[in-house]
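Step one of this worksheet: look at the structure below.
The values are calculated or read from the model by the stated rules, or taken from the named source; none is laboratory data. Nothing here was measured: the structure is a model prediction, and the numbers come from that model. Using ideal geometry, Cβ is built from the backbone for each residue, glycine included, and neighbour counts are taken over all protein chains shown.
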Amino acid sequence: MKSFASDNYAGVLPEVMEALQKANGDHVRSYGADEITRRATSLFRQVFDADVDVYFVFNGTGANVLSISSATQSYNAVLCSDTSHIYNDESSAPETFTGCRFFPLHANEKGKLDIDTITERLIRKGDVHYAQTAMLSITQATEYGTVYTPDEIKAIAKLTKENGLYLHVDGSRFFNAAASLGCGLKDISTNAGVDILSLGGTKAGMMMGEAVVVFNKELSKHIAYKHKQTMQLASKTRFIAAQFEAMLQNELWRKTATHANKMAELLCQSISKNRRIKITKPVQANAVFAEIPRAWYEPLQEHYPFYVWKDSTHEVRLMCAWDTKEEDILKFATAINALPE
């Protein structure tokens, strides 16, 4: 089976598997007090060109919950996109663990939050009857596979700082965004004014694990305790850290993310030739959104699983991964063209 449902379906990068094998040696200290975790953290600081604190976690939901809880109290509110993962796809975990109210803001046609949209929701500061806004969360790349530019993030960061808010980035596909922009990881984080980042590893080719990267030292006051409290502190942290060490060395992340992005471009080009298909969003990272006939769902999904994004308009999401091949895309396009009109 070759899937276009999610980059989570893909296996583990050979380089990551090798790093895991190397980490599986003698006894070492637990809970991150080991040499591999130390090296990986040092590498994070080099790559992001900042004295960041790094907390390795099991999964994306855990990374987001830890990031948000480090900056909020239970009487606070978090602003996010109405298409965001933290609002739509993490059950009620963010609200349950943080106690905060999440206010969804309408994303524009490219899946991004506009400055005006954010500004309009910055209301009732100091009003005891209203959940006090403490954080804005954006997704990079967005749920629609589009990408915020460094200047767009800087503008949002400027607005949040002017209003006393923290800026969180949900970066489950952060590597894909940086590869799309042709920039360094620091250009859309450190240099752009981000306070805290949930950095994805699993979708990029790791076996499991994400990282919370803290740029704003104010958020370091309590986060170590939150790390434990949210059940995201791994006793064998080295096995998550080792994977990130492999990803960051020699920019392995850029090689694999660039490939996934290029496969998405090829996928878009291949299927858009069919007059029954309408591409609905710009293809900037590793996702293709398209409207297809409803009758195509079952025959296509039997061999090429994908997610239906919006059933009312027959919009589907097609994801490419580090291991997607050109032949996979050509076979998928051939299967589409063979379907009756």
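Check P104, P150 and return the single one that is surrounded by fewer than 24 Cβ atoms within 10 Å (Cβ to Cβ), over 29 Å from F48 (Cα atoms) and not aliphatic (A, V, I, L, M).
The conditions single out P104.
Within the bounds of segment 170-177, is there any residue that is surrounded by 20 or more Cβ atoms within 10 Å (Cβ to Cβ), without any contact (Cβ under 8 Å) to a residue 40 or more places away in the chain and of a type in the set (G, A, S)?
yes
Out of contact with any strand residue (DSSP E or B) (no Cβ under 8 Å at 6 or more places or on another chain) and among the aliphatic types (A, V, I, L, M): is that true of A290 in this structure?
Considered against the rule, which asks whether it is out of contact with any strand residue (DSSP E or B) (no Cβ under 8 Å at 6 or more places or on another chain) and among the aliphatic types (A, V, I, L, M), A290 comes out as no.
Does any residue of segment 87-103 turn out to be aromatic (F, W, Y) and touching a Pro at 6+ places or on another chain (Cβ under 9 Å)?
yes
Within segment 29-45, is even one residue surrounded by 16 or more Cβ atoms within 10 Å (Cβ to Cβ) and closer than 30 Å to Y307 by Cα?
no
Working carefully through the options T133, T96, find the one that is over 25 Å from R317 (Cβ atoms) and in contact (Cβ under 8 Å) with a residue 40 or more places away in the chain.
Exactly one of T133, T96 is over 25 Å from R317 (Cβ atoms) and in contact (Cβ under 8 Å) with a residue 40 or more places away in the chain, namely T133.
Any residue in segment 145-160 that is farther than 28 Å from V288 by Cβ sitting within a Cβ distance under 7 Å of a residue that is of a type in the set (V, I, T) and not in a helix (DSSP H, G or I)? List the pairs, counting only those 6 or more apart or interchain.
Qualifying pairs under 7 Å: A157/V194.
Sort through A155, A211, A131 and tell me the only one that's hydrophobic (A, V, I, L, M, F, W, C) and buried (at least 24 other Cβ atoms within 10 Å of the Cβ).
A211 is the lone residue from the list that is hydrophobic (A, V, I, L, M, F, W, C) and buried (at least 24 other Cβ atoms within 10 Å of the Cβ).
Need the failing condition index for K110 against (1) in contact with a Ser or Thr (Cβ under 6 Å, 6 or more places away or on another chain); (2) surrounded by 16 or more Cβ atoms within 10 Å (Cβ to Cβ); (3) among the basic types (K, R), just the number.
The one condition K110 does not meet is (2).
Picking from S42, S92, which residue would you name as being assigned by TED's automatic domain parsing to the domain that holds M207, at pLDDT below 95 and among the hydroxyl-bearing types (S, T, Y)?
One residue alone meets the criteria, S92.
For the condition closer than 28 Å to V147 by Cα, among the polar types (S, T, N, Q), surrounded by 17 or more Cβ atoms within 10 Å (Cβ to Cβ) and not assigned by TED's automatic domain parsing to the domain that holds K203, what is the one hit in T324, T313?
None of the others qualify; the one that does is T324.
What do you reckon, is Y144 of a type in the set (F, W, Y) and within 12 Å of the chain's Cα centre (by Cα)?
Criteria met by Y144.
Return the residue satisfying two criteria in turn: it lies in segment 233-259 and is among the basic types (K, R) and over 18 Å from the mean Cα position of the chain (by Cα), and of such residues it is nearest to S30 (Cα to Cα).
K236
If I filter segment 268-275 for residues that are closer than 22 Å to N8 by Cα and at pLDDT 95 or above, do I get at least one hit?
yes
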